[in-house]
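Enquirer: Supplied in structure tokens, the structure appears directly below.
Each reported figure results from applying straightforward, stated rules to the coordinates on display, with no laboratory input. These figures come from a predicted structure and were not determined experimentally. So basically every Cβ, Gly included, is an ideal-geometry build from the backbone, and we count neighbours across all protein chains shown.
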Amino acid sequence: ENGKGESQTVQASMVKRLCKARTILTVNGQFPGPTLEARDGDTLVIKVINRALYNVTLHWHGIRQMGTQWADGPEYITQCPIQPGSAYTYRYTIQNQEGTLWWHAHSRWIRATVYGALILYPKLGVPYPFPKPNKEFPIVLGEWWDGDILAIMRQALFTGNAPNVSDAYTINGQPGDLYRCSSLDTAKFYVDLGDRVLLRVINAALNQQLLFAVANHMLTVVGADSAYHKPFATSFIMVGPGQTTDVLLTANQLPGRYYMAAQAYATAQGAPFDNTTATAILEYSSVPCGAKKGSILQPILPQLPAYNDSATVFAFTSQFRSLSSSNNKVPTIVDENLFFIVGLGLVNCAPSPTCQGPNGTRFAASMNNVSFVLPSRAILQAYYQNIPGVYTTDFPPVPPMQFNYTGNVPRALWQPTFGTKVYKLKFRSAVQIVLQDTAIFTTEDHPVHLHGYQFFIVGQGFGNFNPSTDPANFNLIDPPERNTIDVPVGGWAAIRFVADNPGVWLMHCHIDTHLTWGFAMCFLVENGPGFLQSVGAPPLDLPPC
Ligand code: C2O
């Protein structure tokens with residue numbers, strides 16, 4: 001099992017969805033891409049060959065990459081992209097991580113079709129900390145566009161307006177029965193009466209939080225991202241882009257067909273509410289073969305909360321608790337107390353050639369009023385080789401001004417600066433970050449992902465974070481551990497971690513529209529003069545800039 005080698009070829013392939021054939025980027029011709037499976041302790045060696053016409057990189061979302069910083073993958077952060085006709089081999093070891101992660105392209109919006117599951121099993125002979133399932137299925141949720149995804153991205157960037165919303169949500173690449181020309185290919189999952197099934201639900205959608213449920217079946221949450229959680233029962237889950245949630249389901253209903261459904265929660269800014277639903281089918285093997293649609297076996301749809309029911313979703317996310325409270329790693333004393341206001345806003349048009357956003361403006365997104373600009377060389381490389389002019393180290397630890405963040409914010413208060421700013425963290429310092437959503441343009445749910453770390457979510461709430469009262473309610477006993485936090489709509493979340501992983505680590509909103517508009521920053525975790533010892537020399541095949 002040690003030293004698993006795989007090769008992944010990024011290539012253009014023809015697929016048919018929503019009645020139309022279209023050429024998309026795939027990995028090895030598969031959409032979604034291949035599921036990678038490994039055990040804790042395995043070393044993965046993945047040669048990525050670029051046979052597409054575009055630059056690309058792959059990212060292993062949630063893998064900590066301790067000591068393998070050059071394998072993280074975000075373009076212009078830890079590496080320059082793999083150019084057409086070239087290859088790069090990602091090499092990394094799974095170190096004390098189990099659960100469901102995923103991999104995806106980390107180059108412009110190419111991840112719209114270039115993604116797949118990454119499943120981390122316990123070491124051989126180590127059981128799951130929950131009743132053993134007799135079946136497991138990755139359930140990868142996504143979005144499908146009829147148009148060319150890079151053209152849609154460029155159009156949004158060029159005009160400064162919001163991009164087109166997707167034409168379908170998908171489950172394992174398929175829109176399902178409720179969309180045109182789709183029902184023959186609806187994803188099906190076969191179970192026997194009495195089965196205990198582990199569903200590894202991944203939200204690979206580019207821009208959309210999704211609600212997910214299975215008709216007539218309760219779900220028991222047992223894990224999220226790559227951490228186990230105390231089990232709790234729920235009728236639905238909400239998964240933000242980038243997040244994963246593991247649930248157990250018992251096939252204890254009348255043998256038949258049941259819809260699994262995924263639909264929008266907290267719809268992306270600028271987009272009208274979209275009430276389309278992706279479906280897949282959970283089918284009991286004891287259903288008589290001849291049973292047809294329209295018969296009693298026609299599946300029914302599950303009940304899901306409304307797209308704007310943030311109270312119900314908050315009640316769901318509040319139930320997550322780490323499984324292990326005994327071996328508690330939550331920092332109780334904080335060395336770095338950071339406060340980041342995050343969100344969207346409208347700027348006057350200078351940085352954009354045209355200005356088709358609301359009222360002759362363009363959209364921008366920022367963290368502490370800095371809208372991130374992707375450099376043209378990789379930041380990690382610039383650090384390692386001491387190349388000046390690629391980034392600056394003045395990312396502000398607190399907002400430049402205070403105001404009622406979630407109230408009625410006058411636009412004059414907010415004109416972001418543009419820059420490639422990183423924030424330096426001392427190696428092994430205990431860090432707290434409060435992420436505060438803002439109402440500068442509109443409040444929204446933001447799935448904020450930190451590369452290179454798993455963090456503890458010690459608190460969250462609606463409205464403005466109150467530094468004198470909220471910390472008293474922080475959970476320092478069994479807070480959930482994740483790599484992506486869905487900051488509540490018009491609210492805040494507080495996370496903690498120990499900066500024990502030297503390197504350059506991107507933190508960003510996992511809604512790609514927001515990322516492209518500048519909702520990102522980087523941490524530079526340096527081990528003083530020892531930094532160069534903890535970041536080894538780059539692999540010889542690291543793509544040139
Ligand atoms: Cu899943 Cu920076 O990404």
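Enquirer: What percent does the relative contact order of the stretch 11-98 come to when contacts are Cα pairs within less than 8 Å and at least six residues apart?
Expert: 31 percent
Enquirer: Let me ask something else. What number, in nm² with one decimal, is the all-direction average of the projected area of the convex hull of the alpha-carbon atoms of the stretch 416-510?
Expert: Numbers: hull surface 27.2 nm².
Seen from a random direction, the Cα hull of the stretch 416-510 projects 6.8 nm² on average.
Enquirer: Give the Rg (one decimal place) followed by the Dmax (whole number) of the stretch 1-104, computed from C-alpha coordinates and expressed in Å.
Expert: My reading of the Cα-based Rg and Dmax gives 14.5, 47 Å.
Enquirer: Just to confirm my numbers, what's the Cα centroid distance between the stretch 500-515 and the stretch 164-210 in Å?
Expert: Distance between centres, Cα-based: 27 Å.
Enquirer: For a paramagnetic label modelled at 7 Å from the Cα of Arg377 toward its Cβ, which residues of the stretch 63-86 fall within the zone defined by backbone nitrogen distances under 20 Å?
Expert: 69-83
Enquirer: Given charges of +1 on the Cβ of Lys and Arg and -1 on the Cβ of Asp and Glu, with all other atoms neutral, how large is the dipole of the stretch 311-445 about its Cα centre, in debye to the nearest 20? Display every interim value, and only then the final one.
Expert: Working: 9 positive and 6 negative charges, 62 e Å.
With Lys and Arg at +1 and Asp and Glu at -1, about 300 debye.
Enquirer: Compute the normalised compactness of the stretch 446-502: alpha-carbon radius of gyration over 2.2 N^0.38 Å, N being the residue count. Intermediate results must be reported in sequence, preceding the final value.
Expert: On the way: Rg = 11.6 Å, N = 57, 2.2 N^0.38 = 10.2 Å.
My calculation over the Cα atoms of the stretch 446-502 gives 1.14.
Enquirer: How would you order 502-514, 21-33 from highest to lowest mean count of nearby Cβ atoms within 10 Å?
Expert: On the way: 502-514: 26.2, 21-33: 18.6.
In descending order of packing, they fall as 502-514, 21-33.
Enquirer: Given an 8 Å cut-off on Cα distances and at least 6 residues of separation, report the relative contact order of the chain as a percent. Intermediate values should be presented prior to the final figure.
Expert: Numbers: 1485 pairs, mean separation 80.3, N = 545.
Across the chain, relative contact order equals 15 percent.
Enquirer: Okay, next question. Straight-line reach only, C-alpha to C-alpha below 19 angstrom: list the aspartates and glutamates that Lys20 could link to, leaving out same-chain residues fewer than 8 apart.
Expert: Candidates past the 8-residue exclusion: Glu143, Asp146, Asp148, Asp167, Asp177, Asp185.
Enquirer: Same structure again: Taking the Cα of Phe418, stepping 7 Å toward and past its beta carbon, and measuring to each backbone N in the stretch 149-171: which are under 13 Å?
Expert: Within reach of a label on Phe418, which here means backbone N under 13 Å from a point 7 Å along Cα→Cβ, the stretch 149-171 contributes 157-160.
Enquirer: For the stretch 1-96, give the magnitude of the charge dipole about the Cα centre (Cβ charges: +1 Lys/Arg, -1 Asp/Glu; no others), in debye to the nearest 20.
Expert: Working: 10 positive and 7 negative charges, 105 e Å.
With Lys and Arg at +1 and Asp and Glu at -1, about 500 debye.
Enquirer: For the chain, what is the charge dipole size about the Cα centre, in debye to the nearest 20, if Lys and Arg each add +1 at the Cβ and Asp and Glu each add -1 at the Cβ?
Expert: On the way: 35 positive and 36 negative charges, 130 e Å.
I would put it at about 620 debye.
Enquirer: Which whole number in µm²/s is D for the chain by Stokes-Einstein, with the Kirkwood Rh taken over Cα pairs at 10 °C and 1.306 mPa s?
Expert: Numbers: Rh = 23.7 Å.
Value of D from the Cα-based Kirkwood radius: 67 µm²/s.
Enquirer: For the stretch 72-168, what is the per residue volume of the convex hull drawn over the alpha-carbon atoms, in cubic angstrom? Walk me through the intermediate numbers first.
Expert: Working: hull volume 17.3 nm³, N = 97.
For the stretch 72-168, the hull spanned by Cα atoms encloses 179 Å³ per residue.
Enquirer: What's log10 of I(q)/I(0) for the stretch 1-48 at q = 0.19, 0.29 Å⁻¹, Debye sum over Cα points only, no solvent?
Expert: Values, matching the q order: -0.66, -1.04.
Enquirer: Moving to a separate point now. Where does helix 149-159 land angle-wise versus the long Cα axis of the chain, in degrees 0 to 90, nearest 10?
Expert: The angle comes out near 40 degrees.
Enquirer: While we're looking at this one, here's another question. Quick check on my link table: of Lys47/Lys123; Lys16/Lys188; Lys123/Lys424, which ones sit more than 28 Å apart, alpha carbon to alpha carbon? Present the calculation step by step, with values, prior to reporting the outcome.
Expert: Numbers: Lys47/Lys123 24 Å; Lys16/Lys188 18 Å; Lys123/Lys424 35 Å.
The answer is Lys123/Lys424.
Enquirer: Based on the mean of other Cβ atoms within 10 Å per residue, sort peptides 427-439, 479-491 so the most packed one is first.
Expert: Peptide ranking by packing, descending: 479-491, 427-439.
Enquirer: Where in the stretch 422-454 does the label zone of Arg411 land, with the point 7 angstrom along Cα→C-beta and an amide N cut-off under 20 Å?
Expert: From the stretch 422-454, the list is 438-444.
Enquirer: Tell me which of Tyr121, Leu178, Phe427 sits at the most positive position along the dipole axis of the chain, charges placed on C-beta atoms (Lys, Arg +1; Asp, Glu -1).
Expert: Ranked along the dipole, the leading option is Leu178.
Enquirer: Please tell me the relative contact order of the stretch 173-278 in percent, rounded to the nearest whole number, where contacts are Cα pairs under 8 Å and at least six residues apart.
Expert: Values: 209 pairs, mean separation 34.4, N = 106.
It comes to 32 percent, rounded to a whole number.
Enquirer: Per DSSP H run of n ≥ 4, the term is -39500 (n - 2.57); total these for the chain, divide by its residue number, and report the mean residue ellipticity at 222 nm rounded to 500 deg cm²/dmol. It would help to have the intermediate numbers written out before the result.
Expert: On the way: 5 runs with 35 residues, N = 545.
My calculation for the chain gives -1500 deg cm²/dmol from helical runs alone.
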